[in-house]
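Asks: Below you'll find the structure I mean.
The values are calculated or read from the model by the stated rules, or taken from the named source; none is laboratory data. Nothing here was measured: the structure is a model prediction, and the numbers come from that model. FYI the Cβ positions are ideal-geometry reconstructions off the backbone, even for glycines, and counts take in every protein chain you see.
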Amino acid sequence: MISILKKIFLDNWLRKLASLILAIVLWFTVSQSLTVTKTVTNIGVRILNLPDKKTIPGLSSCGLLNKKMALTVVGRKSIIEDLCTKDLEIVVDAARIETDCIIAIQKKHLISLNPEISIADHIQKVYPKNLVIKMVPLFQERIPVHVAHPIGEPPKGFQFIDIWPYNLSLEASGPEEVIKKLKARGLKLTLNLNDIPKAELEKLYAKSQKDVVSFYVPEEWKAFNIPSLSDKPIYIDDADSKLLHIDFIRSDTLPVHFQIPIQLFVPPDQSLGLHNSLKIVDSDIVQTLHGIKVLNKKLYVKGVSELFLKMVTDMIALSVNVTERGRDIDWSILFINPNLIEDRYVSHMMTEACDDVLKEIHPTLRQEYLRNRFRTYMRRLQLFTQEELPLHLMIELKNNELILKEIPSS
């Protein structure tokens, strides 16, 4: 056995070593000289030297087209076999392109994104493929942005009141057709209340100690992704965008320190003498005070400010609504002379209670903002019991007598 191994490895070992080295060199030379053909898909197309005031539909801000190309390349087997999409990019010089044109993509248009790959050394040939370039005027316009009602839930302990401003705009540039469609449709900014940390509102409330807490919307929330115009977010650049904020109020209950009068409402076409014959009788929750029926119950409200409650003191009533000849009876909260109360509220906020947030707003817009806040309060005013449960009333009609009873809330 030893003699056989000796014969194989030691006899004429110099010749055998030389043969082995020669075989390795030949194998390496042949393998490097072998060529293969491969189709590489989804190659990015970059446009350079775009003429002023011109653009190409689907062109991003970094110069890449939204279309990709597939190219068939021929080259060194050891390189081409492992070639992939991220190794190559097509570059087109648009300096001399004035109108629509067709460009035959060749080897000269390729650049390597991989430092280990040389286009000149490793790729021998590229089968031409046509790329259609459509040059259009660059159009610039301001796009309206509507600030929608936020989604989500406010942090625990707070209630959403309003968001302001309601309308903003941003400047966008791109193909005329795309920009005009975008302007006609506009953009909608919808914020999510779930994204607002409770700790932030608590901090703002502790700092201001005011009824309303204003959370200013961060800049990163004021952006839109519009792939047809840019591969990066487009931010709202309106001068008023710095004022964009969401108003909250503490969800604590406020006691109603006055007795709410009760009045009867019967539609004129349904009266037929009902109004004169119907009467509201005293009960557990109704009493007569100076000849007027009032709610005889300790009540609370939520979702409004102390100032609002102060302004509407003795200016609200509980309306008992009788329709269909007594077959349909319900109730609602009625504001007496709401325009007068609104004017008082706005006047007070414009002068005595003008905080830092309001001072930033132009007086005309400030009035609109405050009037919307007041009307929001009116819409959401709801009566609660001492147990912080919504007040539920049942109204019965017996022998032309209206009897109000409280229904326990579950």
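Asks: Across region 360-410, what is the total count of residues that are within 27 Å of residue 246 (Cα to Cα) and either basic (Lys, Arg) or in contact with a Cys (Cβ under 7 Å, 6 or more places away or on another chain) (or both)?
Replies: 6
Asks: Another question about this same structure. Just checking, which of 210, 242, 232, 183 is among the basic types (Lys, Arg) and under 20 Å from residue 307 (Cβ atoms)? Steps first, answer last, please.
Replies: Numbers: 242 fails: under 20 Å from residue 307 (Cβ atoms); 232 fails: under 20 Å from residue 307 (Cβ atoms); 183 fails: under 20 Å from residue 307 (Cβ atoms).
The match here is 210.
Asks: Separate question: Name the residue that is nearest to the chain's Cα centre (by Cα), counting only residues in region 367-401 that are in a loop (DSSP other than H, G, I, E, B) and closer than 20 Å to residue 160 by Cα.
Replies: Step by step, filter region 367-401, then rank; the result is 381.
Asks: Looking at region 390-405 only, could you name the residues that are within 22 Å of residue 334 (Cβ to Cβ) and in contact with a Ser or Thr (Cβ under 8 Å, 6 or more places away or on another chain)? Break it down into steps so the answer makes sense when it comes.
Replies: Within region 390-405, the first condition is being within 22 Å of residue 334 (Cβ to Cβ), and the residues that meet it are 390-397, 401-405.
Residues satisfying the conditions are 390, 391, 392, 403, 404, 405.
Asks: Could you grab me the full set of residues in region 345-366 that are assigned to a loop (DSSP other than H, G, I, E, B) and either over 32 Å from the mean Cα position of the chain (by Cα) or modelled with pLDDT of 90 or more (or both)? Give the derivation first.
Replies: We begin by selecting, within region 345-366, every residue assigned to a loop (DSSP other than H, G, I, E, B); these are 352-355, 360-362.
Result: 352, single match.
Asks: What residue, of 114, 167, is outside the structural domain of residue 45 (by TED's automatic domain parsing) and without any contact (Cβ under 8 Å) to a residue 40 or more places away in the chain?
Replies: Values: 114 fails: outside the structural domain of residue 45 (by TED's automatic domain parsing).
Among 114, 167, only 167 is outside the structural domain of residue 45 (by TED's automatic domain parsing) and without any contact (Cβ under 8 Å) to a residue 40 or more places away in the chain.
Asks: Can you name every one of the strands (runs of 3 or more DSSP E) wholly within region 84-164 that holds 3 or more residues which are closer than 30 Å to residue 250 by Cα and hydrophobic (A, V, I, L, M, F, W, C)? First the steps, then the outcome.
Replies: On the way: elements: 88-93, 101-105, 110-112, 123-127, 129-133, 136-147, 158-164.
Counting at least 3 such residues, we get 158-164.
Asks: Okay, moving on. Residue check, residue 261 against (1) loosely packed, with under 14 Cβ neighbours inside 10 Å; (2) more than 18 Å from the chain's Cα centre (by Cα); (3) not aromatic (Phe, Trp, Tyr), all met but one. Which one?
Replies: It fails just one condition, (1).
Asks: So, one more: Kindly list the number of the only condition in (1) under 30 Å from residue 139 (Cβ atoms); (2) modelled with pLDDT under 85; (3) surrounded by 12 or more Cβ atoms within 10 Å (Cβ to Cβ) that fails for residue 82.
Replies: (1)
Listed here are the residues, each with its yes/no results for (1) within 30 Å of residue 225 (Cα to Cα); (2) surrounded by fewer than 16 Cβ atoms within 10 Å (Cβ to Cβ); (3) modelled with pLDDT under 80; (4) not β-branched (Val, Ile, Thr).
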{"residue": "43", "(1), (2), (3), (4)": "yes, no, no, no"}
{"residue": "62", "(1), (2), (3), (4)": "yes, yes, yes, yes"}
{"residue": "74", "(1), (2), (3), (4)": "no, yes, no, no"}
{"residue": "96", "(1), (2), (3), (4)": "no, yes, yes, yes"}
{"residue": "104", "(1), (2), (3), (4)": "no, yes, no, yes"}
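Asks: Considering every residue within region 238-250, establish whether at least one is without any contact (Cβ under 8 Å) to a residue 40 or more places away in the chain, touching a Lys or Arg at 6+ places or on another chain (Cβ under 8 Å), surrounded by 17 or more Cβ atoms within 10 Å (Cβ to Cβ) and more than 30 Å from residue 400 (Cβ to Cβ).
Replies: no
Asks: Against the condition surrounded by fewer than 18 Cβ atoms within 10 Å (Cβ to Cβ), farther than 30 Å from residue 178 by Cα and among the hydrophobic types (A, V, I, L, M, F, W, C), how does residue 215 come out, does it pass? Break it down into steps so the answer makes sense when it comes.
Replies: Working: surrounded by fewer than 18 Cβ atoms within 10 Å (Cβ to Cβ): no; farther than 30 Å from residue 178 by Cα: yes; among the hydrophobic types (A, V, I, L, M, F, W, C): yes.
When the stated conditions are applied, residue 215 does not pass them.
Asks: Still on this model: Applying the selection to region 291-322, what residues are without any contact (Cβ under 8 Å) to a residue 40 or more places away in the chain, on the phi < 0 side of the Ramachandran plot and not aliphatic (A, V, I, L, M)?
Replies: Scanning region 291-322 gives 293, 296, 310.
Asks: What single numbered condition from (1) more than 17 Å from residue 217 (Cβ to Cβ); (2) touching a strand residue (DSSP E or B) at 6+ places or on another chain (Cβ under 6 Å) fails to hold for residue 181?
Replies: (2)
Asks: So the check is Cβ under 7 Å with 6+ separation or different chains; which pairs have a first residue in region 180-209 that's in contact (Cβ under 8 Å) with a residue 12 or more places away in the chain and assigned by TED's automatic domain parsing to the domain that holds residue 223 and a second one that's assigned to a helix (DSSP H, G or I) and of a type outside the set (D, E, K, R)?
Replies: 191/221
Asks: With the requirement that a residue be surrounded by 12 or more Cβ atoms within 10 Å (Cβ to Cβ), more than 28 Å from residue 158 (Cβ to Cβ) and touching an Asp or Glu at 6+ places or on another chain (Cβ under 9 Å), what does region 284-318 give you?
Replies: Result: 285, 288, 293, 296.
Every residue, every condition in (1) more than 19 Å from residue 85 (Cα to Cα); (2) among the hydrophobic types (A, V, I, L, M, F, W, C); (3) out of contact with any His (no Cβ under 6 Å at 6 or more places or on another chain), yes or no:
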{"site": "114", "(1), (2), (3)": "no, no, yes"}
{"site": "117", "(1), (2), (3)": "no, yes, yes"}
{"site": "121", "(1), (2), (3)": "no, no, yes"}
{"site": "125", "(1), (2), (3)": "no, no, yes"}
{"site": "133", "(1), (2), (3)": "yes, yes, yes"}
{"site": "140", "(1), (2), (3)": "yes, no, yes"}
{"site": "148", "(1), (2), (3)": "yes, yes, yes"}
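Asks: For region 197-217, state whether one or more residues are in a helix (DSSP H, G or I), within 18 Å of the chain's Cα centre (by Cα) and at pLDDT 90 or above.
Replies: Residues of region 197-217 that are in a helix (DSSP H, G or I), as a first pass: 198-208.
Those still in the list that are within 18 Å of the chain's Cα centre (by Cα) too: none.
No, that holds for no residue.
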